[in-house]
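Structure first, then comments.
The values are calculated or read from the model by the stated rules, or taken from the named source; none is laboratory data. All values derive from a computational prediction rather than experimental measurement. When we count neighbours, we look across all protein chains shown, and the Cβ atoms used for this are built from the backbone with ideal geometry, even at glycine. What goes into the accessible areas is simple: the full protein's heavy atoms, side chains included, and nothing from ligands, DNA or RNA. Shrake-Rupley method; radii C 1.70, N 1.55, O 1.52, S 1.80 Å.
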Amino acid sequence: MNNYGIDIWANDSFIIKNGKVCVDYGKKPAILDIVKELRNDGYKGPLLLRFPHLIQKQIEKIYGNFAKAKKECSYKGSFNAVYPLKVNQYPGFVKQLVKLGKDYNYGLEAGSKAELLIAMAYNNENAPITVNGFKDKELINIGFIAREMGHNITLTIEGLNELEAIIDIAKQRFKPKPNIGIRVRLHSIGSGIWAKSGGINSKFGLTSTELIEAIELLKENKLLDYFTMIHFHIGSQISEIQPIKKALNEAANIYTELKKMGANNLKAINLGGGLAVEYSQFKNKNRRNYNLNEYANDVVFILKNIAEQKKVLEPDIFIESGRFVAANHAVLVAPVLELFSQEYAEDKLSLKDKNNPKLIDEMYDLYKSIKPSNALEYLHDSMDYMENILTLFDLGYVDLQDRSNAEILLHLVAKKAIVLLGDKQYSADLSAIQDEVQERYLVNFSVFQSMPDFWGLSQNFPIVPIHKLNEEPTRSASIWDITCDSDGEISYSKNNPLFLHDVDIEKEEYFLGFFLLGAYQEVLSMKHNLFTHPTEATIKINDKGYEIKNIIEAQSILDVLDDLDYDIHGIKDILNERISNSKLVNENQKKQILGELYLFLNDNAYLKNTGV
């Protein structure tokens with residue numbers, strides 16, 4: 001059976017049990033059971049499930065692996081981690097993360113005024129806060145206020161103008177001052193589509209010349225003692241370990257040079273983000289060639305080695321690996337609304353009593369006599385016949401009824417062939433054919449809202465039916481979302497083939513799970529067609545199985561319109577007035593229509609047909 005690569009991407013967080021995707025924790029509840037309970041309570045459409053124990057698991061892995069690496073190397077510097085709020089600022093995630101990270105002194109990283117204020121409100125006491133990104137005087141002032149509140153905060157400067165602003169503000173404010181970090185612009189670069197985050201031409205950081213000037217400015221203004229950290233970032237989702245090792249060597253040598261220049265309180269190197277998550281469902285398409293254990297060992301070994309060579313204290317280590325912590329905690333489950341070739345069933349055939357075109361009779365014979373030994377040959381023949389029928393139709397030799405019968409017969413032959421071929425369905429030859437006869441699954445969700453990185457960056461996410469996994473999936477599948485946009489499609493790909501089950505949606509429900517959506521997808525989402533964030537629920541695994549907590553319903557249509565600065569009271573008044581003035585219905589009918597509109601306006605925009 002197809003396990004959809006769960007052994008590759010699931011990170012021991014999910015397993016397949018009795019044909020269902022289950023949470024690999026506690027009593028291993030099935031996601032389908034959780035979804036059905038929510039649906040029975042009236043929550044329809046797509047559902048975003050949050051699993052806080054998976055947040056905790058990732059935090060424990062990071063701190064555990066670095067603790068082990070430090071012990072093996074007798075490393076004297078400390079290890080610290082901060083979570084970059086830009087990865088997912090949704091309160092349902094952030095509040096859980098802060099709570100679960102308390103015992104580790106897990107901190108937060110902010111890249112804007114709003115994010116810094118979130119950090120100041122929610123960060124654990126004494127846990128570090130780092131502030132990256134471009135800053136104006138107002139943002140720097142907020143950083144000073146954070147320090148005056150007692151926060152352990154480091155302002156990382158991205159340019160000399162920011163340092164000059166810090167110097168000016170330091171003269172005006174109270175005695176407590178934030179720590180100062182400097183982002184260094186390395187020559188080293190990462191790998192993949194985010195590699196431009198690093199390198200000498202990157203958007204952020206100071207060059208070697210600017211570093212020297214920054215040290216002089218700090219000395220002149222008696223702020224050198226507050227300079228405690230250097231920071232670098234060579235890219236998100238770094239798939240190869242070698243660029244990380246190269247960047248570490250470069251940064252560690254810059255660290256030792258700055259110490260020689262009198263930066264006595266410089267004690268930390270912040271590696272930024274980049275720790276990769278495996279999204280692939282296919283072993284030959286792995287995106288990452290290292291694991292967390294190797295990453296931690298290399299970081300600790302390289303920094304210790306250079307510190308010993310240069311005879312300086314081993315630096316404290318900071319990382320900002322948000323994707324690694326956030327990605328796997330969130331799963332979107334959405335119901336399939338329709339299979340677009342379901343009309344290609346045998347009972348839809350309308351063969352003529354006589355005078356069927358010879359090609360139609362031959363296609364029917366292929367359908368009735370197909371068997372494993374000739375399945376691929378008959379499928380090829382059916383496709384050839386279909387092309388001939390289309391040509392004859394254009395020339396006027398066959399009619400629309402003949403064309404319809406040919407389309408139905410082609411799909412019937414294809415469906416039979418795929419079942420008969422079994423494991424051979426993944427051959428290159430058949431894969432090319434499946435590309436032609438793929439099924440389109442209409443799913444009740446928005447790609448733009450829930451998977452924007454797929455649309456914008458062609459980032460693949462694991463897609464798995466959450467049930468029927470004890471049955472062989474036979475349909476090469478494309479997924480269509482419900483937006484009015486042709487880009488709202490996850491197309492069948494011969495390189496990343498998705499196979500789903502041949503189901504009759506009128507007789508049974510069919511749910512797809514979209515995994516690893518916890519990083520970036522929610523905060524980058526778009527309200528295309530005004531589809532909004534789906535209903536979310538936090539799932540806590542306990543001794544009894546699970547408990548559903550903190551349900552937040554998807555925004556109503558009125559809420560979405562209000563967000564766009566529509567006058568929602570004005571909209572309701574206009575609709576009221578136009579219904580009242582209508583001469584097409586009587587007074588009782590007007591009351592019914594007003595009631596219906598009220599319900600529609602206060603519901604979300606996802607589809608409700610067929611009970612989904």
remark   = Relative contact order as a percentage, the chain, C-alpha pairs under 8 Å and 6+ apart, gives 17 percent
task = Collect residues whose amide H, placed 1.01 Å from N in the peptide plane, falls under 5 Å from the amide H of Asp316; neighbours closer than 5 in sequence don't count.
result = Ser78, Ala268, Ile269
ask   = In whole Hz, what ³J(HN,Hα) sequence does the stretch 440-449 give by Karplus (6.51, -1.76, 1.60; θ = phi - 60°), x for Gly and Pro?
value = 9, 9, 7, 10, 7, 7, 10, 4, 5, 7
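How do 234-242, 59-67 rank on mean C-beta neighbours within 10 Å, highest first?
Values: 234-242: 21.4, 59-67: 18.2.
Per-residue Cβ counts within 10 Å, averaged per peptide and sorted highest first, yield 234-242, 59-67.
Of the accessible area of the stretch 1-113, with the probe set at 1.4 angstrom, what percent is carbon plus sulfur? Before the final figure, lay out the partial values.
Working: 2140 of 4710 Å².
Within the stretch 1-113, the accessible surface is 46 percent carbon and sulfur.
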ask   = Which ³J(HN,Hα) values, rounded to whole Hz and listed in residue order, are derived for the stretch 54-66 from phi using the Karplus coefficients 6.51, -1.76 and 1.60 in 6.51 cos²θ - 1.76 cosθ + 1.60 with θ = phi - 60°, glycine and proline given as x?
value = 6, 5, 4, 4, 5, 4, 4, 5, 4, 5, x, 5, 6
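Could you tally the net charge around Gly143, taking each other residue with its Cβ under 14 Å from the Cβ of Gly143, Lys/Arg +1 and Asp/Glu -1? Don't jump to the answer; show the numbers that get you there.
Numbers: positive: Lys113, Lys135, Lys137, Arg147, Arg173, Lys177; negative: Glu109, Glu115, Asp136, Glu138, Glu148, Glu158, Glu162, Asp168.
That sum, taken over residues with Cβ under 14 Å, equals -2.
For every helix of n ≥ 4 consecutive DSSP H residues, a contribution of -39,500 (n - 2.57) applies; sum these over the chain, divide by its total residues, and give [θ] at 222 nm rounded to the nearest 500 deg cm²/dmol.
On the way: 21 runs with 252 residues, N = 612.
Mean residue ellipticity, 222 nm, calculated: -13000 deg cm²/dmol.
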inquiry  = With every protein chain kept in place and ligands, DNA and RNA left out, what is the accessible area per residue of the chain? Probe 1.4 Å, answer in Å².
reply    = 45 Å²
remark   = For the chain, the longest principal axis of the Cα atoms and the Cα long axis of helix 160-172 enclose an angle in degrees, to the nearest 10, of 60 degrees
task = Would you mind counting up the charge near Lys219? Only other residues with Cβ under 13 Å from its Cβ, with Lys and Arg at +1 and Asp and Glu at -1.
result = -3
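Report the FRET efficiency, 1/(1 + (r/R0)^6), for Lys354 and Asp562, where r is their Cβ-Cβ distance and R0 is 56 Å, rounded to 0.05.
Working: r = 65 Å, r/R0 = 1.15.
It comes to 0.30.
Please find the FRET efficiency linking Asp361 to Ile593, where r is the Cβ-Cβ separation and R0 is fixed at 51 Å, and quote it to the nearest 0.05.
Numbers: r = 54 Å, r/R0 = 1.06.
Using R0 = 51 Å, I get an efficiency of 0.40.
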Label zone at Lys549 (point 7 Å along Cα-to-Cβ), backbone N below 15 Å, the stretch 93-117 = 93-102
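In whole percent, how big is the carbon plus sulfur part of the accessible area of the stretch 484-612, probe 1.4 Å, protein atoms only? Numbers along the way, then the final one.
Details: 3720 of 7530 Å².
Carbon and sulfur atoms account for 49 percent of the accessible area of the stretch 484-612.
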query = R0 = 30 Å: FRET efficiency of Lys203 with Ile15, Cβ-based, nearest 0.05?
reply = 0.15
request  = Determine the relative contact order of the stretch 255-367: mean sequence separation of Cα pairs under 8 Å and six or more apart, normalised by residue count, in whole percent.
outcome  = 31 percent
query = Can you give the extra length, in nm with one decimal, that the chain gains between Asn293 and Ala345 once fully stretched, where that is 0.36 nm per residue apart less the Cα-Cα distance?
reply = 13.5 nm
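Where does each of 402-414, 135-147 land if you order them by average Cβ count within 10 Å, highest first?
Details: 402-414: 22.2, 135-147: 18.8.
Descending mean neighbour count gives 402-414, 135-147.
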message = With angles folded into 0 to 90 degrees, how steeply does helix 587-601 sit against the dominant principal axis of the chain? Use alpha carbons for both and round to 10.
response = 50 degrees
remark   = Highest mean packing first, using Cβ neighbours within 10 angstrom, the peptides 578-588, 366-376, 26-36, 344-354 sort as 26-36, 366-376, 344-354, 578-588
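Need the full-extension length gain, Asn529 to Lys368, defined as separation in residues times 0.36 nm minus the C-alpha distance. One decimal, nm. Mind dumping the intermediate values first?
Working: separation 161, 0.36 × 161 = 57.96 nm, distance 4.51 nm.
Separation in residues times 0.36 nm, less the Cα-Cα distance, equals 53.4 nm.
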query = Tell me, what ³J(HN,Hα) does each residue in the stretch 290-300 have, in order and in whole Hz, if you take phi through Karplus 6.51 cos²θ - 1.76 cosθ + 1.60 with θ = phi - 60° and put x for Gly and Pro?
reply = 8, 10, 5, 4, 5, 4, 5, 4, 5, 4, 5
remark   = Rounded to the nearest 10 degrees, the helix 241-260 long axis (Cα) sits at an angle to the longest Cα principal axis of the chain of 20 degrees
Gain in span if fully extended, Ser458 to Asp168, counting 0.36 nm per residue against the direct Cα distance = 99.9 nm
inquiry  = At 7 Å along Cα-to-Cβ for each site, give me the label-to-label distance between Asn126 and Ser78 in nm.
reply    = 0.8 nm
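Taking K and R as +1 and D and E as -1, what net charge do the other residues with C-beta under 13 Å from the C-beta of Ile552 add up to? Can you show the working numbers first?
On the way: positive: Arg50, Lys95, Lys549; negative: Glu522, Glu536, Glu553, Asp559.
So the surrounding residues net to -1.
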